[in-house]
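Worksheet: one structure, shown below.
Coordinate-derived values only; no laboratory data. No experiment lies behind these values; they were computed from the predicted model shown. Methodologically, a virtual Cβ is constructed for each residue, glycine included, from the backbone with ideal geometry; neighbour enumeration extends over all protein chains shown.
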Amino acid sequence: MAHSIGEALALPRVQCPNHPDAILVEDYRAGDMICPECGLVVGDRVIDVGSEWRTFSNEKALKDPSRVGDAQNPLLNGGDLTTMISKGTGAASFDEFGNSKYQNRRTMSSSDRAMLNAFKEISTMADRINLPRNIIDRTNNLFKQVYEQKSLKGRANDAIASACLYIACRQEGVPRTFKEICAVSRISKKEIGRCFKLILKALETSVDLITTGDFMSRFCSNLGLPKQVQMAATFIARKAVELDLVPGRSPISVAAAAIYMASQASAEKKTQKEIGDIAGVADVTIRQSYRLIYPRAAELFPPDFKFDTPVDKLPQLRGVR
């Protein structure tokens, strides 16, 4: 009796009558199940579990109108899987008092909402300075750790997010200056610096020391300088550090001074203001570092550098413009 009940409850097996052992091929587009041996359509009306809409290559930046929604965000506690009902436009969407008949229940927790807003801000800042996805993901992870530890209570989430972006850039080997982060956020440089120190202490993490080489290629590229000048500037900055000519100077100011010296010796001359605008340092800062390395300029250039302006004709210590 039990055997007959089991047979009755068993689902019928879909198979080809001519080739029962053949593994059927599913054609999701047509909704058919086809026998690979003879091509017979064994079953039709197969349910398509894929997306209801197609997303073309030029629509990647737009939302995919898929019925299944976005993938779950592992950084949130399931709050991103709620269904949001948009506001109706027809008369049937409102009652006689003008209130919407379909309202969203606030199922997302306040912590998830705060993190989601921070993630959007991080993504916006990263897009403005063309940072890749891996840095955005690292920044999101850093922000989640800080937020859950509640070690920076009282600090604005935007300031924490900006500091996390700065740390992520340093940890991924593509450092950005505080001024560059400040330019794409609404937070002051001083506040980002404070949060940066607090986060390092709270997470017990560290970042590698920045060097002149971390910024050189980007600064020279933004200034439109040729490869020869970039290589010379890199050599000058490294040599200046090795000879201990710039004690206590920041790597950014040393890099800017090296670029100025290399460009002045080449045909592609750049002013201090042009370099300062790209590097985010003041003209006087460049002059101070330049004065430190100028007396030994002859030792700083690479041996194969082709001078357009000789070393003894380079700008003097005073009146550099």
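Out of Ser263, Ser253, Ser217, report the one residue that is under 24 Å from the mean Cα position of the chain (by Cα), among the hydroxyl-bearing types (Ser, Thr, Tyr) and more than 30 Å from Gln149 (Cα to Cα).
Ser217
So which residues in region 201-217 are free of Cβ contacts under 8 Å to residues at least 60 places away in the same chain and under 30 Å from Leu245 (Cα atoms), if there are any at all?
Scanning region 201-217 gives Ser206, Val207, Asp208, Leu209, Ile210, Thr211, Thr212, Gly213, Asp214, Met216, Ser217.
Of the residues in region 251-275, how many are touching a Ser or Thr at 6+ places or on another chain (Cβ under 8 Å) and within 17 Å of Gly213 (Cα to Cα)?
Going through region 251-275 one residue at a time, the tally reaches 9.
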